1. Towards the positive end of the charge dipole of chain B, with charges on Cβ (+1 Lys, Arg; -1 Asp, Glu), say which of B:L293, B:I514, B:S629 has the farthest Cα.
2. What is the local net charge at B:L637, summed over the other residues whose Cβ is closer than 12 Å to its Cβ (Lys, Arg +1; Asp, Glu -1)?
3. Give me the number: length gained by fully extending B:D606 to B:N486, i.e. 0.36 nm times residue separation minus the C-alpha to C-alpha distance, one decimal in nm.
4. Quick check: pseudo-label points 7 Å beyond the Cα along Cα→Cβ at B:W543 and B:I13, how many nm apart are they?
5. Which part of the stretch A:26-46 falls in the paramagnetic zone of A:K2, meaning amide N under 15 Å from the point 7 Å along Cα-to-beta-carbon?
6. Taking chain B as the region of interest, what is the percent of Cα-Cα pairs per 20 angstrom bin, listed from the shortest bin to the one with the maximum distance?
7. Among B:269-281, A:188-200, how do they line up from the highest to the lowest mean number of other beta-carbon atoms within 10 Å?
8. How high is the relative contact order of chain A, in percent, counting Cα pairs under 8 Å that sit 6 or more residues apart?
Amino acid sequence: MKFTIKMWRQEGPEIPGSFVEYSIDNVLPEMSFLEMLDNLNEEIIGRGEEPVAFDSDCREGICGMCGLVINGMAHGPKRACTTCELRMREFPDGAVITVEPFRAKGFPVIKDLVVDRGAFDRIIAAGGYVSVNTGSAPDGNAIPISKDIAEKAMDAAACIGCGACVAACPNASASLFTSAKISQLALLPQGHAERKQRALRMVEQMDREVFGNCSNHAECEAACPKSISIDNIARMRREYMKAMR
Amino acid sequence: MTAGAESILNAKIPEGSIQDKWKNHKAGIKLVAPANKRKYTVIVVGTGLAGGAAAASLGELGYNVLNFCIQDSPRRAHSVAAQGGINAAKNYQNDGDSVWRLFYDTVKGGDFRSREANVYRLAEVSANIIDQCVAAGVPFAREYGGTLANRSFGGAQVSRTFYARGQTGQQLLLGCYSALMRQVDEGRVKLYTRREMLDVVLVDGRARGITVRNLVTGEIESYAADAVCLATGGYSTVFFLSTNAVNSNATAAWRCYKKGAFFANPCYTQIHPTCLPQMGETQSKLTLMSESLRNDGRVWVPKKKGDDRPPHQIPEKERDYYLERKYPAFGNLVPRDIASRAAKAMCDDGFGVGPTGYAVYLDFGDAIKRLGKDMIRDRYGNLFAMYHEITDDDPYQTPMKIYPAPHYTMGGLWVDYNLMSTIQGLYVLGEANFSDHGANRLGASALMQGLADGYFVIPATIGDFLAEHRPDGLTTDHDAFRASRNEVDDAVKKLLSIKGNKTVRQYWWEVGRIMWNQVGMGRNEKGLQQAISDIKGLREDYWKNVKVGGSAEDLNKSLEFAGRVADFLELGELMARDALGREESCGGHFREEHQTPEGEALRHDDTFCHVAAWEFKGAGKDPVMHKESLEFENVHLAQRSYK
Ligand SMILES: Cc1cc2nc3c(=O)[nH]c(=O)nc-3n(C[C@H](O)[C@H](O)[C@H](O)COP(=O)(O)OP(=O)(O)OC[C@H]3O[C@@H](n4cnc5c(N)ncnc54)[C@H](O)[C@@H]3O)c2cc1C
Ligand code: FES
């Protein structure tokens, strides 16, 4: 297969970027999108030019490190799929593909396709935990948790923190990400002792970072590689309202 | 060559019966007073299960912790990718499990090449790990009655594996990460993301800090501390293609080796039996299909060589369920090394399937008939979906094709019972050390070991050392830090200045090829000698001919990989040397010259019941091997049998 890639290139945070066109040949349909970029970079390095910077690590859809906007869609055209898992067979041979970083005020570009998602860590630091010191835990079976609740909590906990929700949202809101953690810990009995304080602090931290508000577009859910549901956002609002009282 | 030096290794195994060692040791450990802890700085490199748990727990205790990782967030450490589960001797299933049995299984699984005392401690703290994780909000799988669910895993006859769908590593790591971020919030842990440790700094022979490259600005930075904990993961990426994340590397451990930390059993690598077969040369990694699949999937190949009929056209009586045939007691659940080698043997003999002939079937047909599709979906849904996604084949309809791939490294920096390396004040945790798995790791025990080291061992043992080594006001102005920065800076500049005509990736691919072919699943004297000379040649060529893109002053992935590949080109040689010296087969190390008539690994306990710990003697000089002899006082040394 053969493709034309319209690639976002940006030397640094303060330097304006622009699209540069590359063509690439000999792409196999079973190659992942990032393997295609690896090969393109080999050619670029071979020509003595600066390779395109992009993030990735696990390359199996679990670490949340990768993330590109492909043809205008966070993680590309396939539903419930990360950039690293996207295969080239999803694109027609000869296609022109646009590649950009996750764009949001809260995610400043570091270089080319690499962005700074440190805001997510700060949101978790504001309360996305149960305060239990090592060594002080009761027996694991001391608190029974119904299978149904455990599964719901797991659905929310499946978030990989990639930031696609923010990139897809017209307001660049981080509500889906924040609500997934609040939900997980609100569902589980272990999280109950701190639930009020957690909801307040995490929502406040989210607002302090430069993310927009949620206005129920649901683009986040559609872009989420783990299909995290926007029901979590509703739960976060309830938790927050309850905590305000 | 190199063996035979007088042993200078002291494992510091506590006195007493195996059941009492850890208890007694903890009781005798010196303590740092609560008010004094904040005066100590501890560096933790790595934010995986081992590093994350250590940093969080040390922070909780009151130490001033500096925590480093390569990724943009601690939550992305490679532990996140673990699928299948974590072992613990809870005996919740009432199926006869106990600390003793987990200890026994682990020693036997490791083919009698691990240190008994460490393994017993691991089994002992395993139960506390589950409690800790549950309390932190890890959503483990549950039964309808609300209790924790278990599954069984390769090499065990009890159900002791706890899991969270097929994402156990992710959930454990996120639990750990939460605890870590709480300490960050409280100001006790300071996080340094997108940093790569490139050197350890020694002052008077003691680890007092690290030199890192800031991966965003390119700056070379120094950090000082009272002790350094390395939890930087394994080195399977030396094979280029492996199940590990692309940033997994050996660099931190290797640089410590070159500063005096002995490297133990580098040749002990695990090739995991259930991975997707290789597709082409442009592939960047191999995907693991969790071992839990072997609970319900049956492994087979056609009985006829080169039979290329599609699997559903091959009648039952023309299929060879070779694991069930050769190992009736354990069947498809034999340990990984045995399953992998059996797959290789079948394929080498011409029975393999798929386009390359290097794959075997993992068939769920019977399980679907017996349990129904829904039950199978419930158990393995996400794995089936992943397989379907990558291969375009539906495993509900047709058997999976699998083949072994490099997955885990049992070898690593040598540590004593306290997890201290041969460098004073340098501790090594998790996959980066060598300690608990001997020559083969059983499934679901790496997560256990990482968390045991981080949550329970290091918080106890580090105090003993720190109590004796009071803070002395050392800062990064000390000459040792400047010297280390210069050394690192020179190496970076050198790599960029070569401007040759072969990319870093090409060299990585080539060294991986050598390792896979000669230092992989089957090893022999001739092949290993060839590997040593080939790697040497490739290394010389690398330093003359490598082409690294970009500059030193900003984010440059090509440069990051260049440093790591330079280290693989040295480590690979040490692995081959170690494999050459170990003239026996044990666990994942299979020397073709040493096998039983049935083709099983043949150990030589009289000469090789030891840890081989290698000491660096300088560039261009042969390393020296030191032995730590292994005593088996509780588990009787026996030829391993899974028949
Ligand atoms: C696909 C897969 C599935 C697995 N499934 C299971 C399973 O089901 N059960 C099980 O028990 N085990 C499993 N394992 C093994 C297990 O996941 C690992 O052995 C374990 O998680 C390693 O943890 P760690 O903390 O030692 O290292 P890692 O999680 O690898 O963490 C390494 C850390 O060190 C940092 N680092 C590395 N080098 C440097 C450097 N130079 N400078 C700064 N930071 C650095 C990294 O950024 C990272 O934070 C699996 C492994 C793989 C690959
Ligand atoms: S690289 Fe890990 S999710 Fe894509």
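1. B:L293
2. Working: positive: B:K108, B:R113, B:R603, B:R640; negative: B:D111, B:E116, B:D605, B:D606, B:E631, B:E633.
It works out to a net charge of -2.
3. Numbers: separation 120, 0.36 × 120 = 43.20 nm, distance 4.69 nm.
Stretched fully, the B:D606-B:N486 segment lengthens by 38.5 nm.
4. 4.0
5. Backbone N within reach: A:26-28.
6. 20, 56, 24, 1
7. Descending mean neighbour count gives B:269-281, A:188-200.
8. Relative CO of chain A lands at 20 percent.
The values are calculated or read from the model by the stated rules, or taken from the named source; none is laboratory data. The model shown is predicted, which means the values in this text are computed figures rather than measured ones. All Cβ positions, glycine included, derive from the backbone under ideal geometry; neighbour counts span all protein chains shown. Remember, those area values only see protein heavy atoms, side chains included, never the ligands or the DNA or RNA. Shrake-Rupley method; radii C 1.70, N 1.55, O 1.52, S 1.80 Å.
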